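Reviewing the structure listed below.
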Amino acid sequence: QVRLVESGGGLVQAGGSLRLSCAASELDFSFHTMGWFRQAPGKEREFVSAISQSGGSTRYADSVEGRFTISRDNAKNTVHLQMNGLKPEDTAVYYCAAGRFLLASANTYDYWGQGTQVTVSS
């Protein structure tokens with residue numbers, strides 16, 4: 001059974017940094033696009049970033065472009081999200097997902113982790 005396990009969330013002050021990680025198991029990792037989504041209280045889940053199977057292509061939501069960096073290590077079946085310049089509006093539960101296409105739509109992702117909380121204080 002495919003498992004995606006996120007880690008690295010926590011409480012940080014505005015302007016600070018966090019690095020999220022997602023470890024995949026029982027997944028043909030190098031054949032999947034990996035994405036990060038987030039959901040704040042009372043809001044819908046939204047796309048944050050995604051990276052292609054080889055890592056050669058990435059995409060970002062406008063709200064995080066220039067502040068967040070996605071990367072992956074296919075040898076270790078892990079994907080990371082480096083988050084710099086964090087803002088209070090980045091506060092959300094962050095989810096890792098595995099899919100087939102480098103798209104922002106959550107519907108195109110087949111597997112999801114349980115999420116990790118990121119809280120940014122002002």
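The values are calculated or read from the model by the stated rules, or taken from the named source; none is laboratory data. The structure presented is a predicted model; accordingly, all values stated were derived computationally and were not measured. Because the Cβ atoms are built from the backbone with ideal geometry, glycine has one as well, and the counts that use them run over all protein chains shown. Just the protein is used for accessible areas: all its heavy atoms, side chains included, with ligands, DNA and RNA removed. Shrake-Rupley method; radii C 1.70, N 1.55, O 1.52, S 1.80 Å.
Sticking with the crude label model, points 7 Å out along Cα→Cβ, report the distance from PHE101 to ASP73 in nm, one decimal please.
Calculated label separation equals 3.1 nm.
Apply the a/c threshold of 1.5 to the C-alpha gyration tensor of the stretch 20-71 and tell me whether it is rounded, prolate or oblate.
On the way: a/c = 2.41, a/b = 1.41, b/c = 1.71.
It is oblate, given that a/c is not under 1.5 and a/b is not larger than b/c.
Could you order the peptides 27-37, 42-52 from most to least packed, using the average number of other C-beta atoms within 10 Å per residue?
Working: 27-37: 20.8, 42-52: 16.6.
So the peptides 27-37, 42-52, ranked by packing, come out 27-37, 42-52.
Kindly rank 79-85, 69-75 from highest to lowest mean number of other beta carbons found within 10 Å of each residue. Intermediate results must be reported in sequence, preceding the final value.
Numbers: 79-85: 20.7, 69-75: 15.9.
In decreasing order of mean packing, 79-85, 69-75 become 79-85, 69-75.
With every protein chain left in place, what is the accessible area per residue of the chain in square angstrom, probe 1.4 Å? Could the numbers behind the result be given before it?
Values: 6220 Å² over 122 residues.
Per-residue accessible area for the chain comes out at 51 Å².
What dipole magnitude, in Debye to the nearest 20, does the chain give about its Cα centre under +1 on Lys/Arg Cβ and -1 on Asp/Glu Cβ?
Numbers: 11 positive and 11 negative charges, 26 e Å.
Its charge dipole is roughly 120 debye.
Which residue, SER54, ALA104, ALA40, has the largest displacement toward the positive end of the dipole of the chain when charges sit on each Cβ (Lys, Arg +1; Asp, Glu -1)?
SER54
Measure off 7 Å from each Cα along the Cα-to-Cβ vector at LYS87 and ARG19, then give the distance between these two points in nanometres to one decimal.
2.5 nm
For labels at SER7 and GLU44 in the simple 7 Å Cα→Cβ model, what's the distance in nm?
3.4 nm
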